[in-house]
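Please read the structure below before turning to the comments.
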Amino acid sequence: MSSANMLKRILNWVLVCGLGACIIFAVLALGAVDAWSLFSLQCAAVFLFLVWTALSIQTKRITLEFIPLLLPLLALIGIGGLQVLLPTSAYTSATIGEMLLYLTYGLYFFLALQTLSDEQNLSVWSTIMTLFGFALAVFAIVQDFTAEGRIYWVIKPRAGWMFGPYVHHGHYAGMMEMLIPFPLVKALTAHNVGKCLLYGFFALTMLASVFLSQSRAGMFSVLVELAFVMLLVLKQKSQRRRRLISTVTIAALALLLLASLGSEDVWNRVVTIGHAQTWQKESTLGRIAVLKDSFPMVRQRPLLGWGLGTFATVYPGYRTFYINMLVNAAHDDYLQLLVEAGVLGFTAILVFVVLLYYYGLQKIRRWQHRPAGGYAMAALAGCTGLLTHSFVDFNLHIPANGIMFFCLAAASCALPQTSNGDRFTIHTTRGHRTIVRIHD
């Protein structure tokens, strides 16, 4: 192998493994909620962008994957810029900080789009995520039984209900929702019993960790995405009987596993979801009150909102109950976006979600006989889980979970580079070609 080809392979591996390493680091760094960890992720994103640029120069061909999902994301960042310039933001510094967070998401989305459009790269990345998800679940379960409320057996959170490396168990569940579909889809589409059982075991262990975290929203969201995966798998015509058997087997094992968890606390959390006492608890009533208080904020500034990242600043003026702690989020990503970015920002994200499912389902249908279809199915299922969870939590404001979500969005929609259509050259000079590939 020539030195040039070796360099290309090294740069490509740095990109793929770098994307996986950044997500792993973000999760282990308590979700990257601290300034130092977020800054590290931003520096890593810039480094990976430089690696992608070097790879493009080395191959003498810049292949730009373009998906319309980029447009609403850019529009949301533009709305933040407009709030700063007019100015209409209630707290300009917070809006600038939130814009930088969305720019970080956008950069990881771009890098994932360019990197994971290659089937081999996507296969390696999904394997990394599968192994990490299983290891994270095992660690979280062991820590839950032995650490006595301390993260890594050392860190004692000042507040919150910790689980795994997260201060809040709901955010752990949010990350696991995005990781579970990878081993699950691998188990359902495996061509031999050994792989089916291995990946099924991985998926069930990760599922068990979500239930042990006792996050009700996490449990419900996982069940929603499991139903989503089962529906997509059973709709595929090829090898339907084998997949039906795999589906029933894994579902039966899941029920046996959940029945054998043996934790009274877990089952109390499950069976009391619909009880009146659950909705009368102080924590639940507080969340409902925050949601109710948010609507007057929307009516006050319906078009552009109060400014990205300003919910915690503006909310005290509309709060209708006493609390001696900071209310940092609405516990509903959609309503909080409506408060902070108004109807324009909410519409942009709504368009993003619609396009995500349009192109994701299109890719699954078109590539159902190729590994790319399975990877797209797993990625879209992960997005489904988090989007469901976002109705009652703020996972997208946790950098680790936000970066993972946008990487999954890119993976679910990117066209495999092995296809011959949907590409055209827009520039040629000195042997370098710039190619843009778009969806039809």
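Miscellaneous remarks
- The residues neighbouring MET175, those whose beta-carbon lies less than 14 Å from its own, together hold a net charge of -3 under the Lys/Arg +1, Asp/Glu -1 convention.
- Spin-label pair LYS156/LEU361, simplified geometry with 7 Å Cα→Cβ offset, distance in nm: 5.1
- Binned Cα-Cα distances of the stretch 336-401, short to long, each 10 Å bin given as a whole percent: 19, 42, 28, 10, 1
- Here the gap between HIS369 and LEU291, fully extended at 0.36 nm per residue and compared with their Cα-Cα distance, gives a gain of 23.6 nm.
- Panel order for THR320, THR92, THR104, by other beta carbons found within 10 Å of each beta carbon, from fewest to most: THR320, THR92, THR104.
- The alpha-carbon positions of the stretch 8-137 define a convex hull whose volume is 126 Å³ per residue.
- Simple spin-label estimate for ASN192 and MET325 in nanometres, 7 Å along Cα-Cβ: 5.1
- FRET efficiency estimate (nearest 0.05) - Cβ-Cβ, VAL138 to LEU234, R0 35 angstrom: 0.70
- The alpha carbons of the stretch 1-79 give a radius of gyration and a Dmax of 15.5, 49 Å, in that order.
- For chymotrypsin sites (Phe, Trp or Tyr not before Pro), the sites in the stretch 359-406 that DSSP calls loop and that have at most 14 other Cβ atoms within 10 Å are PHE391.
- Spin-label pair SER93/ALA147, simplified geometry with 7 Å Cα→Cβ offset, distance in nm: 3.1
- For GLU225, GLU148, GLU177, order by how many other beta-carbon atoms lie within 10 Å, fewest first: GLU148, GLU225, GLU177
Each reported figure results from applying straightforward, stated rules to the coordinates on display, with no laboratory input. In this text, all values refer to a predicted model and were calculated from it rather than measured experimentally. When we count neighbours, we look across all protein chains shown, and the Cβ atoms used for this are built from the backbone with ideal geometry, even at glycine.
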